[in-house]
Amino acid sequence: MLRTFGKKAAAMTATGDVLKGVLAVCIGRWLFQLLPADAGVSPYLGVYLAAIFAVLGHLYPLYFGFKGGKGVLVGAGAALATEPLVCAVLLGIFLIEVAVTRIVSLGSIIIAALYPVGTLINLIARGANAATIVFSTVCCVIMAAMVIWLHRSNIERLKNGTEYRFGQKK
């Protein structure tokens, strides 16, 4: 968006994508909290299922012929709503990586790969039960895998040394 339509359009799109992830998680949490307590279903189920489906909906939108984005900002919004501390750490890592290399796709791949690790560490540190830790981490792995999979062409360009650097002219 930035290269094609400029800063304002890029900022609006980025904000909308992040909010899409946040809103999906909030709706998933709310819906699953409405279930009866004896249903034995954790709100984490609703949170992470909503996050996965928000990313999938972004990657394969019906109204664009199933051709969408790469899911990074929607995933970031979901991470912000589920694990804000992990999201803040990942944002710091992303900003440092982009400041050093100016390669946004590399930063996106790195934080996608670190998202399940950060979530796992955070849940263990918070004393979550084993089922929550396993389920949440598996869901984070699924989201990370989707984002990394859609960066295949970027990974090839990184290997070839031809990946676009932020601010570089075509």
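The values are calculated or read from the model by the stated rules, or taken from the named source; none is laboratory data. Computed from a predicted model, the values in this text were never measured in an experiment. Neighbour counts run over all protein chains shown; Cβ positions are idealised from the backbone, glycine included. Keep in mind that these areas ignore ligands, DNA and RNA; they rest on the heavy atoms of the full protein, side chains included. Shrake-Rupley method; radii C 1.70, N 1.55, O 1.52, S 1.80 Å.
When the accessible area of the stretch 20-167 is split by element with a 1.4 Å probe, what percent falls to carbon and sulfur? Exposed carbon and sulfur together represent 75 percent of the surface. Computed from the Cβ-Cβ distance with R0 of 30 Å, the FRET efficiency linking residue 56 to residue 95 stands at 0.65. Here the calculated FRET efficiency for residue 134 and residue 64, from their Cβ-Cβ distance with R0 = 30 Å, stands at 0.30, rounded to the nearest 0.05. A full extension of the chain between residue 102 and residue 124 corresponds to an added length of 4.6 nm, given 0.36 nm per residue minus the alpha carbon distance.
With a Förster radius of 30 Å applied to the beta-carbon distance between residue 27 and residue 5, the computed FRET efficiency rounds to 0.55. Descending by average beta-carbon neighbour count within 10 Å, the peptides 120-126, 143-149 line up as 143-149, 120-126, the highest first. Helix 84-101: angle to the longest alpha-carbon principal axis of the chain, degrees 0 to 90, nearest 10? Roughly 10 degrees between the two axes.
Between residue 160 and residue 12, the contour length at 0.36 nm per residue exceeds the Cα-Cα span by 50.1 nm.
Calculated [222 nm] ellipticity per residue, helices only, for the chain: -25000 deg cm²/dmol; basis is -39500 (n - 2.57) per DSSP H run with n ≥ 4, divided by all residues, nearest 500. Modelled this way, with points 7 Å down the Cα-to-C-beta line, the labels at residue 149 and residue 37 are 4.0 nm from one another. Ordering 75-84, 40-49, 5-14 by mean Cβ neighbour count within 10 Å, with the highest value first, yields 75-84, 40-49, 5-14. Relative to the longest principal axis of the Cα atoms of the chain, the long axis of helix 43-59 makes an angle of roughly 30 degrees. For the stretch 40-170, the Kirkwood radius over C-alpha pairs fed into Stokes-Einstein at 37 °C and 0.692 mPa s yields D = 212 µm² per second.
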